[in-house]
Amino acid sequence: MADNEKFTDKATKAVKNAGKAMQDVAGKASENASALNGKVIDQAEENTRAAFAALRSAASVKSVQELAKIQGEFMKEASARSQAQIKEVGDLIAQFGKDTMAMFQPKKD
């Protein structure tokens, strides 16, 4: 009978630990989604500000050459900004994965 109680105790503890781990992972996933959404919104705001700045500059041009120069500069900056933003989001997602996998590693006592 004592063996059955030990097994039951171990099984109960394992199920409770698994449930806690799932709650922890779900909480972390929610935090990660919020962080990612915030980052994307920040980037959209940055891109919108840059676009409006370019539009303001374009509105005051005196020649087609000047307009072409502003447009070329904007596209060059937008491309560089886009690459940096993609890297930021990729790095953030990679870190989320690392953090999540670490949650499943045995605790060192």
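The values are calculated or read from the model by the stated rules, or taken from the named source; none is laboratory data. Just so it is clear, the structure is predicted and the values come from calculations on it, not from any experiment. Cβ atoms come from the backbone with ideal geometry, glycine included; neighbour counts cover every protein chain shown. Areas reflect the complete protein model, heavy atoms only, side chains present, ligands, DNA and RNA absent. Shrake-Rupley method; radii C 1.70, N 1.55, O 1.52, S 1.80 Å.
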Residue in segment 24-38 that is on the phi < 0 side of the Ramachandran plot, in contact (Cβ under 8 Å) with a residue 60 or more places away in the chain and in contact with an Asp or Glu (Cβ under 9 Å, 6 or more places away or on another chain) present | yes
Selection within segment 43-66 - among the hydroxyl-bearing types (Ser, Thr, Tyr) and farther than 21 Å from GLU88 by Cβ = SER57, SER60, SER63
Are there any pairs, at least 6 apart or on different chains, whose C-beta atoms fall under 6 Å, with the first in segment 72-84 and under 18 Å from ALA58 (Cβ atoms) and the second open to solvent by less than 50 Å² (accessible area, probe 1.4 Å) and modelled with pLDDT under 95, and if so, which?
-> none
Within segment 58-78, is there a residue that is touching an Asp or Glu at 6+ places or on another chain (Cβ under 9 Å), within 21 Å of ASP99 (Cα to Cα) and in a helix (DSSP H, G or I)?
-> no
